[in-house]
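Student: Following this message is one structure expressed as structure tokens.
None of the figures in this text is laboratory data; all of them are computed from the coordinates on show. In this text the structure is predicted, and so the values were computed from the model without any measurement. Glycine gets a Cβ as well: all are built from the backbone with ideal geometry, and neighbour counts include every protein chain shown.
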Amino acid sequence: MSSSQDARRGRQLSPARYAWVSRFALILLCVIVVSGAAVRLSGSGLGCSDWPRCNSEKFVDVSTTHGAIEQVNRLFTGLVTAIVIAAVLAARFRIPYRKDLVMLSWGLVAGVIGQIVLGGIVVLTDLHPVANQGHFILSMILVANALVLHQRATKDHKVRRLTRISALQKVIRFTVVMGSVAILTGTIVTGSGPHAGDEKARRFDLAITSVARIHGITVLIAIALLLFVAWKIKQQSVQQLFGPLEMVLVIAVLQATVGYVQYFNDIPALLVGIHVFGATVFFLSLVNLWMVSNQIAEANPEITDRNSAIVS
């Protein structure tokens with residue numbers, strides 16, 4: 001056996017080890033959402049006035065508390081970048097090779113690069129709320145990508161594309177969309193309220209009471225849809241979906257509770273941070289519900305009802 005073949009064999013990665021890499025990437029991407037929120041909630045959004053340098057004099061400057069907090073978040077972004085690059089390299093050497101895992105891991109790289117660019121735009125636009133909003137939305141896309149990658153990495157086969165979608169799956173997908181709308185309206189509330197990251201940062205010119213009311217309505221609609229999904233699941237006796245659905249429902253109710261408590265207590269920073277973490281977990285639970293419903297449909301085609309529509 002040649003030395004090149006030996007080296008290639010030495011770089012091979014087992015499915016279990018690759019699943020560990022994908023899990024680590026998911027955890028770090030969730031942590032950085034919270035650390036980014038901590039920068040904003042501590043008023044450190046402009047702790048570094050330049051990008052990628054901290055300021056015009058120093059690349060790294062921790063002489064102030066706000067600057068140190070912002071620098072730690074930037075350095076943590078570097079760690080996340082390293083792990084998603086590792087996820088791509090690991091996917092290339094995973095045995096057996098899976099193209100779907102490689103493509104999903106490249107999605108992480110693209111997302112992190114987008115986050116780095118958006119982070120620069122946030123600083124250079126003095127924390128414009130639209131830039132901040134885009135930063136958070138891209139974070140949700142990234143953690144969803146990481147969850148899909150990890151869940152697929154734990155399977156011993158590539159997920160097949162469904163040819164039919166049942167009425168139950170349609171309702172679940174619509175519920176996921178509505179839950180995403182609730183998160184989106186939440187970012188508008190954030191962009192209209194306090195905790196902009198700096199006292200001089202711009203805000204949306206919207207009444208906080210009005211946007212909070214709209215956000216609350218979208219949350220209640222999402223919860224109502226989840227209850228409807230629960231009824232449909234019970235009606236069709238799809239037992240495997242009860243666990244994922246209960247998780248979404250519990251998180252949704254807790255999120256709504258935290259939201260109302262923070263609103264009626266002048267929006268304290270700590271509760272906002274908890275709410276940001278909750279939004280991340282809520283979105284992940286929605287994506288998980290979607291994925292589990294697809295897995296069940298793939299494994300049990302008979303569950304697909306007669307009114308299913310062909311996917312083009």
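Student: Which is the longest stretch in the chain that no exposed loop site breaks, taking sites as GluC sites (Glu not before Pro) with a DSSP loop state and at most 11 other Cβ atoms within 10 Å?
Tutor: 58-198
Student: Please sort by residue number the trypsin sites (Lys or Arg not before Pro) in the stretch 86-178 whose DSSP state is loop and whose Cβ has at most 10 other Cβ atoms within 10 Å. Intermediate results must be reported in sequence, preceding the final value.
Tutor: On the way: sites: Arg92, Arg94, Arg98, Lys99, Arg152, Lys155, Lys158, Arg160, Arg161, Arg164, Lys170, Arg173; in loops: Arg98, Lys155, Lys158, Arg160, Arg161.
When the trypsin sites (Lys or Arg not before Pro) of the stretch 86-178 are filtered for loop state and at most 10 Cβ neighbours within 10 Å, Arg160, Arg161 remain.
Student: Suppose every Lys and Arg Cβ carries +1 and every Asp and Glu Cβ carries -1, with no other charges. What dipole size does the chain come out with about its Cα centre, to the nearest 20 debye?
Tutor: Details: 28 positive and 16 negative charges, 274 e Å.
I would put it at about 1320 debye.
Student: Working from the alpha-carbon coordinates of the stretch 1-159, get Rg over Rh, Rh being the Kirkwood radius. Could the numbers behind the result be given before it?
Tutor: Values: Rg = 18.2 Å, Rh = 16.9 Å.
My calculation puts Rg/Rh at 1.08.
Student: While we're here: Test of the criteria: in the stretch 27-108, which chymotrypsin sites (Phe, Trp or Tyr not before Pro) are in a DSSP loop and have at most 13 other Cβ atoms within 10 angstrom of their Cβ? Numbers along the way, then the final one.
Tutor: On the way: sites: Phe59, Phe76, Phe93, Tyr97, Trp106; in loops: Phe59, Tyr97.
Those that pass, being in a loop and sparsely packed, are Phe59, Tyr97.
Student: A further question follows. Work from the charge dipole of the chain (Cβ charges, +1 for Lys and Arg, -1 for Asp and Glu, about the Cα centre) and give the residue of Ala16, Leu29, Leu286 farthest towards its positive end.
Tutor: Positive-most Cα among the choices belongs to Ala16.
Student: Based only on other Cβ atoms within 10 Å, what is the fewest-to-most ordering of Asp126, Asp156?
Tutor: Values: Asp126 16, Asp156 7.
So the residues, fewest neighbours to most, are Asp156, Asp126.
Student: Additional query: With runs of 4+ DSSP H residues as the only contributors, calculate the mean residue ellipticity of the chain at 222 nm using -39,500 (n - 2.57) per run, divided by the residue total and rounded to the nearest 500. Numbers along the way, then the final one.
Tutor: Details: 9 runs with 223 residues, N = 312.
Result for the chain, helices only: -25500 deg cm²/dmol.
Student: What is the order of His157, His135, fewest Cβ neighbours within 10 Å to most?
Tutor: On the way: His157 10, His135 20.
If I rank by nearby Cβ atoms, fewest first, I get His157, His135.
Student: In the chain, which helices (entire DSSP H runs) extend 15 Å or more along their own long axis, judged by Cα positions, while averaging at least -1.0 on the Kyte-Doolittle scale? Display every interim value, and only then the final one.
Tutor: Details: long enough: 15-41 (39 Å, 1.49); 65-93 (42 Å, 1.12); 99-124 (38 Å, 1.80); 129-153 (36 Å, 0.84); 167-192 (38 Å, 1.27); 208-236 (42 Å, 1.34); 242-263 (31 Å, 1.32); 269-299 (45 Å, 1.46).
Span-like helices here: 15-41, 65-93, 99-124, 129-153, 167-192, 208-236, 242-263, 269-299.
Student: Just want the answer: with Cβ charges of +1 for Lys and Arg and -1 for Asp and Glu, which residue in Ser42, Val181, Phe228 is farthest toward the dipole's positive end in the chain?
Tutor: The listed residue farthest towards the positive side: Phe228.
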